[in-house]
Amino acid sequence: MKTTLLLAVSLIGLLPIAAEEPAGLYIDPAKAAADADFAHQGEYAGMVGGKKVGLQLVAEGEGKFKAVLYPGGLPGAGWDGRRDGRVKGTGLWEGGAVKISLGSQSGVLRNGKVTMGSDTLERVARVSPTMGAKAPEGAVVLFDGTNADAWNGSGMSEDKLLKEGQDSKRKFGSYHLHLEFMLAYKPKARGQDRGNSGFYNQSRFEVQVLDSFGLEGENNECGGIYSIKAPDLNMCLPPLAWQTYDIDFTAAKFDGSGKKTANAKVTVKHNGVVIHDQVELPQATTAAPLADGPEPGPLHLQNHGNPVRYRNIWLVEKP
């Protein structure tokens, strides 16, 4: 089923250059504005040469950017998912604008718009269609911003968001789950050091949580089932944008002797788009807190040394 994200078009002016925090890491969007590159990183969409395209600009620190141009539109909004169809390039803050190089093409980002020849791409801020989904009657509400009583771990932040490094007090078998998360903005970091956490079904099967905006979409990147399967599409939004996972999890089955008779299965929607469809999970993923087995397990929000925030977590148990 094809699902697209809601679009909100906004113009963002140039921000004055200011010193970043000592660690170069931001979990508060208001404070991230102190980093001049934060105003420019993000998604852009429009027509170039009469054809729809999408552009992602990934901040890499000190006025440098990774640029990825998608034919047909942004991931989940027109791009067909073929990696060889993308055009990769760079961006550089210079002379009051970000100058973008994409092979034989070039562009200039100024005042929230990218000009490519006579064409213009507008900045867009996409919002998951399941953002803010309300727990249905009979759901188990695990976090609603009131308290962290359903969890063992690091508790809430000052702004009443759930921190990384938590285990649900209750244990679960099969369920439908909704969860919202926000990744830190850490422009100078790379790879697994860039907004890393992870959501573990039953503390056994990780769906990676990582700032993978503009990356390849591997099994160790956002949406990947760690060490088992890459997402069908990299639907990661820019850091400090709220994102959603909607997960249908079916626990493994075991007979009376403890022998597994059916693998666990999972379907995952990332920002409303199906990225895994009934994928079998033959074994617990790397670094899982709990080994594969017949007993229910707690939900686990991994602490990987990076701040990540969670909110609006609830699930409906399945028989």
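What follows is calculated from the coordinates using simple rules that are stated; it is not laboratory data. Here the structure is a predicted model, which is why all the values come from computation and not from measurement. We place every Cβ from the backbone using ideal geometry, glycine too, and count neighbours over all the protein chains shown.
Between 290, 69, 237, the Gaussian network model of the chain with springs among Cα atoms under 10 angstrom shows the greatest mean-square fluctuation at 290. Rounded, prolate or oblate: which fits the range 140-318, taking a ≥ b ≥ c as square roots of the Cα gyration tensor eigenvalues, rounded meaning a/c under 1.5, else prolate when a/b beats b/c? The shape class here is oblate.
Entry note, the range 37-182: relative contact order of 15 percent, from Cα contacts under 8 Å with a spacing of 6+ residues. When Cα extents along the principal axes in Å is computed from the coordinates, the matching label among (1) 60, 45, 36; (2) 60, 42, 39; (3) 69, 40, 34 is (3). Inter-part distance, the range 61-108 to the range 34-48, computed on C-alpha centroids, equals 10 Å.
Which of the trypsin sites (Lys or Arg not before Pro) across the range 187-237 are loop residues per DSSP, with 12 or fewer other Cβ within 10 Å? Loop-located and lightly packed - 190. Once C-alpha pairs closer than 8 Å and six or more residues apart are averaged by separation and normalised to the residue number of the chain, the relative contact order reads 20 percent.
Reducing the range 197-219 and the range 266-288 to their Cα centroids gives an inter-centroid distance of 9 Å. Among 259, 31, 163, the residue with the largest mean-square fluctuation in a Gaussian network model of the chain, with springs joining Cα atoms closer than 10 Å, is 259. Most fluctuating residue of 262, 139, 30 in a GNM of the chain with Cα springs under 10 Å: which is it? Evaluated over the chain, the most mobile residue of the options is 30.
Classify the range 6-127 as rounded, prolate or oblate, taking a ≥ b ≥ c as the square roots of the eigenvalues of its Cα gyration tensor: rounded when a/c is under 1.5, otherwise prolate if a/b is larger than b/c and oblate if not. In terms of gyration-tensor shape, prolate.
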